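Heads up, the thing below is written out as structure tokens.
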Amino acid sequence: MKHLRRFGASHVALAYSMTTLGAGMLGSIFNFYYVKLFLNKYKISEGAFHQSQVIYMVWNAVNDPLFGYLQDNSHVPCCSQRRLSILYGAPLYSLAFLLPWFPWRSYSPDDWLSGLHLMVALCAFDAMLTFVLLAQCALFAEISGLHQSRLQLIKYNQVASLIGSSSVLFCGVLSRNMEDFAAFQAFTVLIAILACGCMLYTGFHSESRFDKKGCPPGTGDQTSSQSALSWSSIRTMTWQILTNRDFQCFVIMNFFQVFILTFFSNFTMIFAEHLIPADKLPSLAKSFMYGAGFICPQILVLSSQSLLHSIGYYRIILLSFYTEFGMALVMMALGSHHYYILAFFLTINMVIIQASFSLFNLPLADIIDSDLQKYKRSSPLSSMVFGTNALFTKPAQSLAPMLVLNILNQFGYNENSPCLCPLSSPTVPPPHLKPTSSGFLKTHKEF
């Protein structure tokens, strides 16, 4: 705890949370807008969309344990030291964020290049996200082993996430929910610069308890660097993680949580635009609705600090699952023609799902501590545990949009999805999007 005493717990928590602020600004905009951009503006074909998602799913799953093992066992400082991984990864992370928003040419419908563009954008963004955020996740477990210190990190983290998530609100208002595409592109460049600066602050000012260790995490003091990097070492440590029953239960739960979180992040805007008429909820109101879905989860977690202390994260997460299930039953019984209730349902679901997901670092940190004690390691396998968890849960980020898009297209979404109008074009909605039309809107009302 020397670095905690030297710099102060608040300063350490602030430095840690700055990466959350930067990543929150980038991730919120990326996940919220990329599906709509490629489907509605770039007019990517369903086949190319699925192909890109499959390649992304494989890469998304593989790179987490790969980077996890690299960060836990490498002797190269930019990989082995958490703060340096963030410091050097931040500029590349910000550049990868900008890839989707600038088309490589003027795309025609079903253009093969738009499919390649999506694949490159997804894989590049996820690679840098993984490299930077695995290091930050490892810092969460390694800054302090005290539960109270970790709760303080969660508190600072939620404040940073609250500020970062507001990027969706400002982006929606300034670009009119991406109708003004030039303004949208300018805003993404600004966000990339700000996010890079935030993450660089973490790289300069954060520190792990184990940065000064002479041997790689997870190995004994007598283990040579050659054996630390052997395949047998990988198999042994991975098997020890995989056979942890708590880890197995957590991964199963986390997979479905990632699936539903991705579902709401990618498709809330699409559902709202097709199911809620503009005369019932105008564009500005929808912008605030989308922003609330990203901002309110952090407010909810911050206001639940006393509950975290009194009843613990397990019961809070379990209660959120019951609430989601109950709200889904009520919404299904009411139907989609209750527009204001539907808007409330979409927003509250985003809030609850994201809020409970924000607590998932706590059980993983406890699993890391338990692994450290059980196998008497000199340093924890923080990145490997987070990476192995991602190996099984990250595929849900690709399965969700593929499955949902396939279902939507069965009800005519591929035929009725609006193309984002150019700046010089009028913004009058086409007839098939009006509340009285047939097609996608009417089909969903019939349920």
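Taking each of Lys155/Lys286; Lys36/Lys286; Lys155/Lys376; Lys155/Lys280; Lys155/Lys374 in turn, the alpha-carbon distance tops 26 angstrom for Lys155/Lys286; Lys155/Lys376; Lys155/Lys280; Lys155/Lys374.
Accessible surface for the chain, divided over its residues, is 43 Å² per residue with a 1.4 Å probe. The label point for His11 and the one for Val54, both projected 7 Å from the Cα toward the Cβ, are 5.3 nm apart. A protection proxy built from the mean count of other Cβ atoms within 10 Å ranks the segments 124-135, 351-362, most packed first, as 124-135, 351-362.
Could you calculate the contour length gain from Ser310 to Leu329, that is, 0.36 nm times the residue separation minus the distance between their Cα atoms, to one decimal place in nm? Computed gain between Ser310 and Leu329 is 3.9 nm. Out of the total accessible area of the range 1-210 (probe 1.4 Å, heavy atoms of protein only), what percent is carbon and sulfur? With neighbouring chains kept in place, the figure for the range 1-210 is 70 percent. Solvent-accessible surface of protein heavy atoms, probed at 1.4 angstrom with all chains present, puts Tyr322, Tyr313 in the order Tyr322, Tyr313, largest first.
Can you give the charge dipole size of the chain about its Cα centre, rounded to the nearest 20 debye, using +1 on the beta carbon of Lys and Arg and -1 on the beta carbon of Asp and Glu? Intermediate values should be presented prior to the final figure.
Values: 27 positive and 21 negative charges, 167 e Å.
I would put it at about 800 debye.
The Cα center of the range 339-391 and the Cα center of the range 54-81 differ in position by 18 Å. Put a dot 7 Å past the Cα of Trp104, heading toward its Cβ, do the same for His205, and the two dots end up 4.0 nm apart.
Here the translational diffusion coefficient of the chain follows from Stokes-Einstein with Rh set to the Kirkwood radius across Cα pairs; for 25 °C and 0.890 mPa s it amounts to 108 µm²/s.
Share of the range 224-366's accessible area from carbon and sulfur, percent, 1.4 Å?
Details: 4910 of 6880 Å².
The computed percentage sits at 71.
Projected label points at Asn406 and Ala183, each 7 Å from Cα along the beta carbon direction, are separated by 3.8 nanometres. By how many degrees, 0 to 90 and rounded to 10, does the Cα axis of helix 245-275 deviate from the longest principal axis of the chain? The two axes meet at around 30 degrees.
The values are calculated or read from the model by the stated rules, or taken from the named source; none is laboratory data. This is a predicted model, so every value here is computed, not measured. With ideal geometry, Cβ positions are generated from the backbone for all residues, glycine too; neighbour counts draw on all protein chains shown. The accessibility values were calculated without ligands, DNA or RNA, using every heavy atom of the protein model including side chains. Shrake-Rupley method; radii C 1.70, N 1.55, O 1.52, S 1.80 Å.
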